Structure formats: structure tokens, C-alpha cells
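As C-alpha cells, the structure follows; a few thoughts come after it.
The values are calculated or read from the model by the stated rules, or taken from the named source; none is laboratory data. Treat the numbers as computed from the prediction; the structure is a model and nothing was measured. Methodologically, a virtual Cβ is constructed for each residue, glycine included, from the backbone with ideal geometry; neighbour enumeration extends over all protein chains shown.
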Amino acid sequence: MHAQYEITVIIPTFNEEVNIANIIEAVNSILSANNICGEILVIDDESRDKTIRIVQDLTLKFNNLKIIVRHADHGLSQSAVEGFKQANSDIFLVIDADFSHPPVLIPRFYDEIKKGADIVIGSRYTRGGGVKQWPLKRRVLSLGATGMGRILFPGITDPVSGFFALRKEVISGAQLHPRGYKILMEVLGKGRWKSVFEIPFTFTDRQHGESKLTSCIISDYVKQILIITEYSLTSRNNQVWNEWKKIIKFGFVGLSGVLVNIGFLYLFTEYMGLYYIIASIVAIEISILSNFLLNDCWTFKLKDEVDSYTQNRFQRFFSFQCVSIIGLIINIGILYFLTDFFGIYYLVSNLIGIFIVFFWNYLINRHVTWKLRTYG
Ligand code: GDD
Ligand code: MN
């Protein structure tokens, strides 16, 4: 048996004769330049061009290179999972063969896992990332897919990326059902993990040949989202469920704030004779305070002694206060805009405003106010 490697780089291929030698050389030189002892697994689905031959020849030159040719159930996701099974290390990384994913970033993925992340994602949609040379249709499809994915994983900007790394433990024992090409969604939805780290990168479309992904993949994707949702409701201890539990708690706290607000407004005007606008401002401030305390002690309560927030409690309150006030302004803005410019009934406009601001408040607070010190 070969010595354990520090990382396994998995390259799924189908007809990649133009790229495969270059990507293998590139990955290997980056690994050795960074003193990382890694193996390369090419998982091929019976390419009809010279891909298999080329890799087989290269295995004579690189003894950390292996090719596995799959003869049934072809597909990108299935190939990635086969790579997980065959890997001889505890850290897996998946990368396309066509240089859409820059291999120079591999050491950064490796470092972030070493520092404690369970999953590291190359993201096109976080600050500093992007896509190059993509036709409009592809951009729209991708944004739709990413948007749906973010409903399940609000903390992750690119849950459908094909460029990612993970620890072996994340998926050991998980029931992966790889279909289509959104293998990362499956790992996020079924795996066991706590911390995700995203690395921005620019996706460059292939120089040679065409994308092999067709549009029947869309219906596969919707199906996959439904299955992961169902899974998260039945197994109830995974990340999707944990995130949605926070969102629901956050919603309840918001509702309680409305009651607190109405209660104090009534009290101040009726019993203390305050002018109602002044009473309202004080009541709003009290409900912001009570919302903050409930969220701090309940919604975003830390379960782990090792975790801590980047800000102390006063800073968290200040941040929550700002987000709430900006949210209020956005809410009034939407109410005004929809009612005056689109002629929508003002109570409906208001509901739409509340809905949008709810997610605005949640996301900003989740990522700023209650931002964890390490990861997540
Ligand atoms: N084994 C195997 N089997 N590999 C495949 C198959 C297959 O059926 N289909 C494609 N591949 C390989 C290709 O050889 C390439 O290395 C990689 O998977 C990506 O295929 P492309 O055809 O280049 O995909 P793309 O550029 O359109 O799609 C990319 O974008 C997605 C996000 O929008 C890929 O990077 C995906 O990984 C990514 O999720
Ligand atoms: Mn590609």
C-alpha cells in the first residue's frame, strides 16, 4: 500500500485530450512547489478520444497519478464520488480538467482545510470572484441555480461550484445520491460539517471544445433540491435544518418585537400621555433592544465553547441597531415605491417590504453582527 497522501486531487474527465496532460502537469508542479504531497486521480467516463491513453502514458512519468475508467452510470457527480471512494488521503479536492478552475489556488484550499474548515469552496460569486467569457444564457441559468441553492444554504455564495475541497469525515457514512453535476450541493446537503470557507476565483470558460452540460440537467437539479429539503426535514440534524431553525427563530423574535412595539406604543400614549410620534420612536427602540437580546441569547446562541463572535456584545448591539434602522428605511422605501410607482395596494406593498427586509436583516446580521471568529 502506498504511503498516505496529504491531498487527493480529483479530475473528472470526458474527452479531454487537449487539456488533460497540461492540467496534470500544472497540478503536479503546483503541489511540489508548495511541498504538498498529493495524488492525482483522473476519473474518466470512457472518453472516446485519446484522454485515457495520454493519462496512462503519464502514469509512467508521475507515480502519484492514477486513472480510473468507469464503465457504467456515467456522469460528473458520480465520477467525483468515485474519486472520494478511491482516494488515499483525508482531504479531497475536485477540479475541472479544462482550466476553468485555476489550479494555482489548490494550496490555498489545502491551507484553509488545515486551518480548520470542513469544506472549502471556490466561489464565483463572493467578492473578488467572477465569470469570464460566459454567454448571457449561461449566466442567467447559473444565477438561477445558485439562487435556488442559496435558499438551502444562505451562508454560502456559490453552493453549486464544481471547484471545492473537503475533509474525508464530512462524507463518511453519508448517503450521497450523485446526479447531474451539482455534486457540491449533495455534499453540503447530506454531509456532516460545521465550517465552510469560500475562496474567490474567476471562472474562465474552456479554450478548447464545448461544455458537456445540457439543459435536462435543470430538472435534475430541481429534483435534487427537493430531495435535500426533504432529507433535511426528516434527518433534522444537518446544516440545512440548522440554518432554517435560525431563520425561523429570527422570525419569531421579529414577531415578538411587533407585539412589544405595539404594547409600549399603547402604554406611552394612553397612560403616560406622550405624543404618539415620540412614543413610537421610543417603542421602536425598545423593541430593537428586546429583539437584540432574544436573538443574542436564543437565535444565535453559541453551542460550542470553542466558538466566539468577532464582536463583543456592545458591538453586536450597535451593529444590530444599524441593520434594523437601515431595514426600516428600506421597508418604507419599498412601501412608497411599490405603492406610488406601481399602484400596488399599500398593505400588499408593506407585506412585500416586510418580507424582503426580513431576509435583509437576517443575512446581514448572520454575517456581520453574529459573525463567528473562526469560520462559518
Ligand atoms: N467523468 C466525467 N463524466 N467527467 C465529465 C463528464 C462526465 O459525464 N461530463 C463532464 N465531465 C468533466 C469534463 O471533462 C471537465 O473536466 C469537467 O467535468 C467539467 O465539464 P465541462 O463540460 O467543462 O463543464 P462546464 O464548464 O460547463 O461546467 C462547469 O460549471 C459548473 C458550474 O456552473 C463545471 O465546472 C462544473 O464543475 C460546475 O459545477
Ligand atoms: Mn468547463
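For Thr204, are the conditions met, namely being over 9 Å from the mean Cα position of the chain (by Cα) and hydroxyl-bearing (Ser, Thr, Tyr)? So Thr204 fits the description; yes.
Looking only at the stretch 339-349, decide whether some residue is out of contact with any strand residue (DSSP E or B) (no Cβ under 9 Å at 6 or more places or on another chain), under 21 Å from Val258 (Cβ atoms) and at pLDDT 95 or above. Checking the stretch 339-349: not a single residue is out of contact with any strand residue (DSSP E or B) (no Cβ under 9 Å at 6 or more places or on another chain), under 21 Å from Val258 (Cβ atoms) and at pLDDT 95 or above.
Here is a yes/no grid of residues against (1) more than 10 Å from ligand 1 (Cβ to nearest atom); (2) surrounded by fewer than 19 Cβ atoms within 10 Å (Cβ to Cβ); (3) within 23 Å of Gln56 (Cβ to Cβ):
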site	(1), (2), (3)
His71	yes, yes, yes
Lys132	yes, yes, no
Leu141	no, yes, no
Gly147	yes, yes, no
Leu176	yes, yes, no
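For the stretch 335-373, enumerate the residues that are β-branched (Val, Ile, Thr) and buried (at least 19 other Cβ atoms within 10 Å of the Cβ). Once the filter is applied, which keeps residues that are β-branched (Val, Ile, Thr) and buried (at least 19 other Cβ atoms within 10 Å of the Cβ), the stretch 335-373 yields Val357, Thr369.
If you filter the stretch 77-99 down to residues that are of a type outside the set (A, V, I, L, M), within 11 Å of ligand 1 (Cβ to nearest atom) and not in a helix (DSSP H, G or I), you find that the one that is surrounded by the most Cβ atoms within 10 Å (Cβ to Cβ) is Asp98. It is to be established whether one or more residues within the stretch 4-22 are outside any helix (DSSP H, G or I), away from ligand 1 (no atom under 12 Å from the Cβ) and modelled with pLDDT under 95. There is at least one residue in the stretch 4-22 that is outside any helix (DSSP H, G or I), away from ligand 1 (no atom under 12 Å from the Cβ) and modelled with pLDDT under 95. Being out of contact with any Phe, Trp or Tyr (no Cβ under 8 Å at 6 or more places or on another chain), within 13 Å of ligand 1 (Cβ to nearest atom) and more than 18 Å from Glu17 (Cβ to Cβ) is a description that applies to Lys137.
Pairs meeting the criteria (first residue in the stretch 162-175 and farther than 19 Å from Tyr5 by Cβ, second residue among the hydroxyl-bearing types (Ser, Thr, Tyr), beta carbons under 6 Å, at least 6 apart or on different chains) are lacking. Scanning the stretch 291-316 for residues that are closer than 11 Å to Val368 by Cα and modelled with pLDDT of 95 or more yields a total of 2.
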